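Engineer: Sharing a structure below in structure tokens format, with a few things to ask.
The values are calculated or read from the model by the stated rules, or taken from the named source; none is laboratory data. A quick note: this is a predicted structure, and the numbers were derived from the prediction, not measured. Cβ sites come from the backbone with ideal geometry, for glycine too, and all protein chains shown count toward neighbours.
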Amino acid sequence: MRALGKSFVRISSFIFKEIREIVRRPGVILSLVLGPFLIMALFGLGYTGARTPFDTLVVVPPQTDLPTDVEYYRDISDAQLNIVGVTENLDEGRAKLASQEVGLLIVAPTNAQEQLRKGEQSVVTVEWNTVDPVRESLAQFATSTLVAEINAEIIRQAAERGITLANEDAPEPITVPPETIAKPTRAETANIAPTAPTVIGFFGPAVFALVLQHLAITLTAMSMVRERLSGTMDVYRVAPVSSMELLVGKYIAYAVFSLVISAIVAALLIGVLGIPLLGGWVPFVAVVLLLTFASLGLGLLISLIADSERQAVQLSMIVLLASVFFSGFVLPVEEFLPAVRYIAYALPVTHGIETLQQAMLRGEISDTWMLWTLGGIGAALYLISLVRLRRIMRRAD
Amino acid sequence: MPPERPPSAPADARQIINVDGVTRRFGTLNAIRDVTFGINEGTILGLIGPSGSGKTTMIRMLTGTLGPTAGRISVMGEDPMRFSRRTREQLAYMPQLFSLYPDLTAEENVGFVAALFGMSPFRRGRRITRALEVVDLLHARRRLARDLSGGMQRRLELACAMVHEPSMLFIDEPTAGIDPMLRQSIWDELRALRKSGKTLLVTTQYVGEAEYADRVALLAEGELVALDDPAAMRQSVFGGEIIELETDRPITPDALSGVEGVERVRQLAPRRLNVVTQDAGRTTPRIVETLSAAGINVLDADEYQPSFDEVFAELVERRRAERREQSGEHTS
């Protein structure tokens, strides 16, 4: 019993020591509690849960007598399609789809009446341009719904006209098979994206971007904390070394290490998992360099503001958590409220995921603004880190 | 045994450090109060005082990592807060806190600091070997810093501080937490540096180490209590040389009244006395003669070397008494 009592005393010594240590580091508690809470709160408030509808263009060939009024098509389409316009020019529509100005193109049949007279189904061509397998499924579903709506509308109109599908001028009535009556139109679909990756193929570049950012952050987040807490920073203060030399040296060292690991991971993704690299190495390397630069800046900033190694680790984990939620890794950025999207765009990985997917799966980076933003984030973080380090180096108090 | 005295700095030696009326406050705490002293080129100044006396604060102000609240500091003719790059290349600082990279070898640690001070890779190799040789760590050059003993790590830090051949070294508590044998060897290395013409400012909380310095500055509660060379400081504190007497029968200080050269007598025990004189060599025979005439045999008469702990305690006590007196005057 006495031994048990002593054991309890010994255990309690650890309990109180640990609690006191934690309580005396308010920064740790703040990042431990407030960080995840804030992320979850922002996620809860900012996530709309609504799938972004496809911006859809309807092509109505000139020789048909189908309506060209946008509202007409809006009425017959469901919430998954956002009809943005109607055009007679198929080439123009395809160009807009190729440039991703629109996400879906519906081409009305040119000879619907003639087909029906012949007792054949007319064909609605639906094309989209996405490398995202989830979006592709949504497009398929939206097409099915649309065709069902069109068929229903045709049947309704036919019923209004006494189920007389023949032209009034026709010399004799026509025979229409029951299948055609039930489904006067059918859809033919096509995805014009340069590749249609599997789920692994689509998420591979995203995982790569996330790994690259997290690697760079965790590598650097501790480096300056250790030096600030030991006597090393005092040696730097006395030595003829400038804050810029110190920072650039750190950047290059960790960049080399990050890039070596990135090269290995990239080789595995491309060589083993078979993820395509349609754009070649140049845009891919450009994105990797910019993402590494920005991520190292984020890690170094953490290491310059954290008051302990423990807090540096926590802040790195919070960045990872925010990246998983807001970067488009799991949920598309467009599904968040506009205000919350700023958080997403402040994260290097958001731009890394999108531009890597474009470079690898589409063959070109269409959102070049994201590259500029990535470079801007990196430059801003470098400057903030430099200012902070200068302040630390200048005075010991 | 007191160490072999290094040759004194030449009389016309340039003053390399000048501290004039410097005060440093942290909030309401006065870490350094109105301190003034100077250091000549090619000397070791021992900045001595107990923990919290302001030694590290002073060394930080001298190296430009902390600004003074009041007063003026000049190191190698420059304000430390505005050191030029060229001046910084001439400085070395060994901090009190561990400043090595545990995952680098001894050689890599020294090489890193050499590069930090701008030494080209061509010059570095020989200097690294030399620095490791001086601190007797050449055999451990390929061992990781984390695998070295505490004393070896401290010596490695010293090698790091001297690798770029600085002319002024600031060494903060090099012997803290180190066993006496190793402390002696570290001081040997510091004195070897001083012999090669370097100027050193060394802080220590071991008052006894004052003997190794050319000049000693005693700091207590942020105040400069004394500044002198070790022998003169010892002598000035007790008013001269001290003879410790032991007799064969009880004796009182009155027995020595009137003996030429005796300035003060203190009773230590019934048969033991401390005698203060300006010249122990001349006064001792006179004392023995006087006591013999009175029928008292002197069993032992040695010149007493008070330890620096005693010197320091005496000086601090005097300063406290002065303060009490001053505050008493103010209140009355």
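Engineer: Output the number of residues of the range B:191-207 satisfying the condition of being touching a Phe, Trp or Tyr at 6+ places or on another chain (Cβ under 8 Å) and not hydrophobic (A, V, I, L, M, F, W, C).
Structural biologist: Qualifying residue count for the region: 1.
Engineer: Can you confirm whether the range B:275-290 contains a residue that is assigned to a loop (DSSP other than H, G, I, E, B) and among the basic types (Lys, Arg)?
Structural biologist: no
Engineer: How many residues does the range B:42-59 contain that are touching a Lys or Arg at 6+ places or on another chain (Cβ under 9 Å) and assigned to a helix (DSSP H, G or I)?
Structural biologist: In the first step, residues of the range B:42-59 are kept if they are touching a Lys or Arg at 6+ places or on another chain (Cβ under 9 Å); the result is B:42-49, B:54, B:57-58.
Filter once more, keeping what is assigned to a helix (DSSP H, G or I): B:57-58.
The total comes to 2.
Engineer: Confirm whether B:GLU41 is within 13 Å of chain A (Cβ to nearest Cβ), of a type in the set (D, E, K, R) and in contact (Cβ under 8 Å) with a residue 60 or more places away in the chain.
Structural biologist: The answer is no for B:GLU41.
Engineer: Same structure, new question: Evaluate the range B:185-201: report whether one residue or more is part of a loop (DSSP other than H, G, I, E, B) and closer than 29 Å to B:VAL316 by Cβ.
Structural biologist: For the range B:185-201, residues part of a loop (DSSP other than H, G, I, E, B) and closer than 29 Å to B:VAL316 by Cβ: absent.
Engineer: Can you say whether B:ILE73 is under 23 Å from A:LEU229 (Cβ atoms), buried (at least 18 other Cβ atoms within 10 Å of the Cβ) and more than 8 Å from chain A (Cβ to nearest Cβ), as far as the supplied structure shows?
Structural biologist: The answer is no for B:ILE73.
Engineer: Of everything in the range B:103-120, what is more than 8 Å from chain A (Cβ to nearest Cβ) and not β-branched (Val, Ile, Thr)? Give them in sequence order.
Structural biologist: Those that are more than 8 Å from chain A (Cβ to nearest Cβ) and not β-branched (Val, Ile, Thr): B:ASP103, B:LEU104, B:ALA106, B:GLU107, B:GLU108, B:ASN109, B:GLY111, B:PHE112, B:ALA114, B:ALA115, B:MET119, B:SER120.
Engineer: Contact list please: Cβ distance under 8 Å, first residue in the range A:146-157 and in a helix (DSSP H, G or I), second residue among the polar types (S, T, N, Q), pairs at least six apart or on different chains.
Structural biologist: Close Cβ pairs satisfying both conditions: A:LEU146/A:SER77; A:VAL147/A:THR185; A:GLU149/A:SER77; A:ILE150/A:THR185; A:ASN151/A:THR185; A:ILE154/A:THR185.
Engineer: Given the condition out of contact with any His (no Cβ under 7 Å at 6 or more places or on another chain), within 30 Å of A:TYR342 (Cα to Cα) and part of a strand (DSSP E or B), answer yes or no: does some residue in the range A:5-26 qualify?
Structural biologist: no
Engineer: Right, next: How many of the residues making up the range A:331-350 are closer than 18 Å to A:GLY378 by Cβ and among the hydrophobic types (A, V, I, L, M, F, W, C)? Break it down stepwise before answering.
Structural biologist: First, the residues of the range A:331-350 that are closer than 18 Å to A:GLY378 by Cβ: A:342-350.
After this cut, where a residue has to be among the hydrophobic types (A, V, I, L, M, F, W, C) as well, the list is A:343-344, A:346-347, A:349.
Number of matching residues: 5.
Engineer: If you don't mind, another one. Those residues that are under 30 Å from A:LEU347 (Cβ atoms) and without any contact (Cβ under 8 Å) to a residue 40 or more places away in the chain, I need them from the range A:15-52; list them, please.
Structural biologist: If the condition is that a residue be under 30 Å from A:LEU347 (Cβ atoms) and without any contact (Cβ under 8 Å) to a residue 40 or more places away in the chain, then A:ILE22, A:PRO26, A:ILE29, A:LEU30, A:VAL33, A:LEU34, A:PHE37, A:LEU38, A:MET40, A:ALA41, A:GLY44 are the ones that fit.
Engineer: Out of A:ILE353, A:ILE275, A:ILE302, report the one residue that is crowded, with 21+ Cβ neighbours inside 10 Å, outside any helix (DSSP H, G or I), touching a residue at least 60 places away in the same chain (Cβ under 8 Å) and not basic (Lys, Arg).
Structural biologist: A:ILE275
Engineer: Quickly run through the range A:227-248 and pick out the residues that are at the interface with chain B (Cβ under 7 Å from one of its Cβ atoms) and assigned to a helix (DSSP H, G or I).
Structural biologist: Selection gives A:THR232, A:ASP234, A:VAL235, A:ARG237, A:VAL238.
Engineer: Considering only residues that are modelled with pLDDT of 90 or more and more than 14 Å from chain A (Cβ to nearest Cβ), which ones fall in the range B:132-153?
Structural biologist: B:LEU132, B:LEU137, B:LEU138, B:HIS139, B:ALA140, B:ARG141, B:ARG142, B:ARG143, B:LEU144, B:ASP147, B:LEU148
Engineer: Looking for whichever is surrounded by fewer than 16 Cβ atoms within 10 Å (Cβ to Cβ), part of a helix (DSSP H, G or I) and of a type outside the set (Asp, Glu) here; the options are A:ALA267, A:ALA294. Which one fits?
Structural biologist: Exactly one residue qualifies, and that residue is A:ALA267.
Engineer: Scan B:LEU158, B:LEU100 and give me the residue that is outside any loop (DSSP other than H, G, I, E, B), within 14 Å of chain A (Cβ to nearest Cβ) and closer than 21 Å to B:SER185 by Cβ.
Structural biologist: After applying the criteria, what remains is B:LEU158.
Engineer: Right, another one. Which residue out of A:LEU389, A:LEU337, A:LEU383, A:LEU315 is modelled with pLDDT under 95, surrounded by fewer than 16 Cβ atoms within 10 Å (Cβ to Cβ) and not polar (S, T, N, Q)?
Structural biologist: Residue meeting the stated conditions: A:LEU337.
Engineer: I'd like the residue in the range B:76-97 that is free of Cβ contacts under 8 Å to residues at least 60 places away in the same chain and not in a helix (DSSP H, G or I) and, out of all such residues, is farthest from the other protein chains (Cβ to nearest Cβ).
Structural biologist: Taking the candidates together, the pick is B:GLY77.
Engineer: So which pairs qualify, if the first residue must be in the range A:184-195 and within 20 Å of A:GLU364 (Cα to Cα), the second must be among the small types (Gly, Ala, Ser), the Cβ gap must be under 9 Å, and the two must be at least 6 apart or on different chains?
Structural biologist: Between residues of the range A:184-195 that are within 20 Å of A:GLU364 (Cα to Cα) and residues that are among the small types (Gly, Ala, Ser), the close pairs are A:ASN191/A:ALA139; A:ILE192/A:ALA98; A:PRO194/A:GLY363; A:THR195/A:GLY201; A:THR195/A:GLY363.
Engineer: So is A:VAL60 at pLDDT 80 or above and within 30 Å of A:GLN115 (Cα to Cα) or not?
Structural biologist: Yes.
Engineer: Follow-up. Kindly provide the set of residues from the range B:27-38 that are within 14 Å of another protein chain (Cβ to nearest Cβ) and in contact with a helix residue (DSSP H, G or I) (Cβ under 8 Å, 6 or more places away or on another chain), ordered by number.
Structural biologist: B:ALA31, B:ILE32
Engineer: B:MET58 - would you say it is more than 10 Å from chain A (Cβ to nearest Cβ) and modelled with pLDDT under 90?
Structural biologist: So B:MET58 fails the test.
Engineer: I'd like the full set of residues that are surrounded by fewer than 24 Cβ atoms within 10 Å (Cβ to Cβ) and away from every other protein chain (no Cβ under 12 Å), limited to the range B:161-172.
Structural biologist: Within the range B:161-172, B:GLU165, B:SER167 meet the criteria.
Engineer: Could you identify the single residue in B:ARG143, B:ARG126, B:ARG215, B:ARG155 that is free of Cβ contacts under 8 Å to residues at least 60 places away in the same chain, buried (at least 19 other Cβ atoms within 10 Å of the Cβ) and of a type outside the set (A, V, I, L, M)?
Structural biologist: None of the others qualify; the one that does is B:ARG155.
Engineer: Also, I was wondering about something else. Output the residues belonging to the range A:214-263 that are free of Cβ contacts under 8 Å to residues at least 12 places away in the same chain and within 30 Å of the chain's Cα centre (by Cα).
Structural biologist: A:ILE252, A:ALA253, A:VAL256, A:VAL260, A:ALA263
Engineer: Applying the selection to the range B:103-130, what residues are polar (S, T, N, Q) and not in a loop (DSSP other than H, G, I, E, B)?
Structural biologist: Those that are polar (S, T, N, Q) and not in a loop (DSSP other than H, G, I, E, B): B:THR105, B:ASN109, B:THR129.
Engineer: Here is a follow-up. Could you pull out the residue among B:SER307, B:SER327, B:SER292 that is surrounded by 11 or more Cβ atoms within 10 Å (Cβ to Cβ), closer than 26 Å to B:SER53 by Cα and hydroxyl-bearing (Ser, Thr, Tyr)?
Structural biologist: Numbers: B:SER327 fails: surrounded by 11 or more Cβ atoms within 10 Å (Cβ to Cβ); B:SER292 fails: closer than 26 Å to B:SER53 by Cα.
Only one candidate passes the filter, namely B:SER307.
Engineer: Are any of the residues in the range A:44-59 among the charged types (D, E, K, R) and out of contact with any Pro (no Cβ under 9 Å at 6 or more places or on another chain)?
Structural biologist: The answer is yes, given that some residue of the range A:44-59 is among the charged types (D, E, K, R) and out of contact with any Pro (no Cβ under 9 Å at 6 or more places or on another chain).
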